Every structure is written in structure tokens, then in C-alpha cells.
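Rule-based calculations on the coordinates, nothing more; no lab input. Source: prediction; values computed, not measured. For neighbour counting, all protein chains shown are included, and Cβ atoms are generated from backbone atoms with ideal geometry for every residue, glycine included.
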Amino acid sequence: MNTTMYDPLTSDTTALNALLRGEMAAVEAYTRALGLFGDDELIGDLQKIRDDHSRAVRLLRDRVVQLAGVPAESSGAWSAFGADASATKVIGPTTALAALRQGEEHIISEYEAALTDAEISPDCHPMIQTDLLTPTQKHVDELNRLLGGQNRW
């Protein structure tokens, strides 16, 4: 007989910390990627995306604290955002942008899964949908635009 009771605060904290680790990995990946490009406009575009991920980190940390939880301290071993910067330098900027896009697509799937997870309280859904998922979907569009203009750098 399982005597463990479902605790929505613990469940929300666990789920939000998983999303938090993904956002921290995104910030790290964009920070590494910025050094791969010499085009100031492209760097500015990538910095805006990184800043969105930094904002998401703050939102998720704040929410975990509001739930009386302890926010994750690092992205850990998980990284949907591809290879390290030294490997990316070898494979080129187009591949680096494609890897960033793949990471964005992965985190979109994580947000979509969180929105359908019955163990995450509906109180978390507006933040996930509006503040996290929607900007991440826009990141994919922006990276697609950047990949379409790949000849400029």
C-alpha cells in the first residue's frame, strides 16, 4: 500500500526546477554561442534571446521560492542546447544556430508537457504559457530568420 500523499507544492517545485534547469542551460548555451560570431547585429539578436532566457530563470526561481521550495542552482548535466563552444567553433555558425534552434524546440516540448501534466497545479499554467512558452516559440521563429540570412556573416 502506498501511503505517499500527493503534495501539489512539492510537485510544482520539482516540475518548475526541471524547467529552471533548462532555462539555465539555455543562458549558458547562448553565452557560449555569442563568442562564435563577428556580426554585431547577429550578436545583438542572440543577446536578446539570451536575455529572455535570463528573465525566464528569474521568473522560475521566484515562483519556486514563492512555493517555499529551493530553486535549482545549476543546469546540471542536462543540456538541450548542444555541444560546447569549442566543438561549435569547428562546425561553424550555421550549425551553431541550428543547435540553438534545436534546444529551443526541446524546451518548447518541455513547456507543452508541463501544461498537460496533471501533477502540476493549474496555478502554474498562465506563467508557463504566457511568460515561458510564447517567448520560446518566438525564439524559434527568430532563429529560423537568422538561419535564412546565414550568408551575411
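Computed about its Cα centre, the charge dipole of segment 8-152 is approximately 340 debye, with only Lys, Arg, Asp and Glu carrying charge at their Cβ.
Rg/Rh, computed from the Cα trace of segment 91-153 with Rh as the Kirkwood radius, has the value 1.13.
All Cα-Cα separations within segment 8-152 were binned at 5 Å from zero, giving a P(r) of 2, 10, 21, 23, 18, 12, 8, 5, 2, 0, each value a whole percent of the pairs.
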